[in-house]
Amino acid sequence: MGMDSERTPSGLAHVATVSFLASRTTPSGGFWLALAGGVALARAAARRGLRDGYGASSAAMLESVAIMGPIRFGVPLTQAITAPLLGRLEARATSFVRQFLVCAALRILHNTATTAFAIWVILGGLDAYAGTYDSIFDWLPFVPAGTAGALALTVIALLAWAIFATTVQVLVYRRGLRRWPAPADEPEQREATELRKVEPRRRFDPRAVTVAGIVAFAVLLASTDWTVLAAVAAWLGVAWAVSRADPEPIPTGLVLAAILAGSALLFGVVGGVGTDVALRRAARVALLVMVATWLRSAAGSAGMRLVFSQALRRLRRIPSMHEAGRILDGLASERRLLEAGTALAASLGPVEKRPIPILDSVLGWVAAEARRFRAAPSPAPRPLSVRAYDAGLVALAAAPAALLFAG
């Protein structure tokens, strides 16, 4: 038997990965599904300190990206940011009010940033956002009109959500940490008999794929010119055709691209920015999603995990990065997702279908799953070398940027 979940945060990071992946894949309710992972990360910080807590949090988020790609990365991010801090505050017997204020402040900052990104990138700008707001609410005499009214209503909505979500989050975390079973009461860990999933070798170095994806993101964020969009689309088509990409993430990417592009088009048309502008903004959103999907498909989960591990080693002087790299190396959660989901379903089966019994059953599963987890054997070092076609992939991704300077 190896170390238990009280002496290593790997099991807790595994639980957070499972929870965060579930929150990112569901169309709605991501906040609720991420709560279990947040409790696990809070436990890691409460027992091991902030460095290990944020190390586990970073590893869980990166592992979820390695499995799913960067699509909907921000759904569990608030809890990944706040959970270790709340766990440490709870370990120090900090009051509910102080925990609430800290969590609410961080949640408001994060939600404000994501809302701003959605308005200016996904929905096409403040003009489309305010125009859609006026089209929906102009029949209500007591609602302020125009940009000021749209922003005021947005601020009110952000504050209301912060109050509600923070209250739920802090109460659930406190209940989970205070009712955590003693080590003697937890089930024993299973032996580490699982091996990492063996993936086919990809055509491109995963580092080149990552750089090319980042370059394409930057170009798309910089312009919605039809020529630039067409150039990025052409590069993406070529890259996808030659990269031996994993087809598994494609259906999810296509569905999300259709939903977000449709939302951008609707806001643009209703907001009165013009059909051409609305179409260009919708095309950009679709391309952003598909570039993210290609990145995960072309690099593979093992490739992305390798890129993250190398990056964390280079950043090891930053607090929690060394811990994150050590935890990430042993996660390899994709082969354990079904087993973890089956265990959760079994624990919920006999439970009375009321909020508190369901919550307590989920919290019990968090502790039990963390206890059962054993870190995967570290894979043999994979030699990486940048070849000519890796450089060509990055160069082609950067080619549309030349159109920005030319235009």
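The values are calculated or read from the model by the stated rules, or taken from the named source; none is laboratory data. Quick caveat: nothing in here was measured; it's all calculated off a predicted structure. Cβ atoms come from the backbone with ideal geometry, glycine included; neighbour counts cover every protein chain shown.
When the residues of the range 243-260 are filtered to those that are at pLDDT 90 or above and either more than 30 Å from PRO206 (Cα to Cα) or among the small types (Gly, Ala, Ser) (or both), the one that is surrounded by the fewest Cβ atoms within 10 Å (Cβ to Cβ) is ALA258.
Answer with yes or no whether ALA44 is closer than 20 Å to THR342 by Cβ and part of a helix (DSSP H, G or I). No, not satisfied.
Each residue in the range 80-127 was checked for being more than 22 Å from TRP161 (Cβ to Cβ) and either outside any helix (DSSP H, G or I) or among the hydrophobic types (A, V, I, L, M, F, W, C) (or both), and 7 pass.
Within the range 62-84, being surrounded by fewer than 24 Cβ atoms within 10 Å (Cβ to Cβ) and free of Cβ contacts under 8 Å to residues at least 60 places away in the same chain holds for PHE73, GLY74, VAL75, LEU77, ILE81. Scanning the range 34-51 for residues that are within 15 Å of GLY11 (Cα to Cα) and either small (Gly, Ala, Ser) or at pLDDT below 95 (or both) returns ALA36, GLY37, GLY38, ALA40, ALA42, ALA44, ALA45, ALA46, ARG47, ARG48. Could you tell me whether ALA152 is more than 30 Å from ALA16 (Cβ to Cβ), in contact with a Pro (Cβ under 9 Å, 6 or more places away or on another chain) and part of a helix (DSSP H, G or I)? The answer is yes for ALA152. Do you know which residues across the range 210-241 are within 14 Å of LEU393 (Cβ to Cβ) and without any contact (Cβ under 8 Å) to a residue 12 or more places away in the chain? Those that are within 14 Å of LEU393 (Cβ to Cβ) and without any contact (Cβ under 8 Å) to a residue 12 or more places away in the chain: ILE214, ALA234, GLY237, ALA241.
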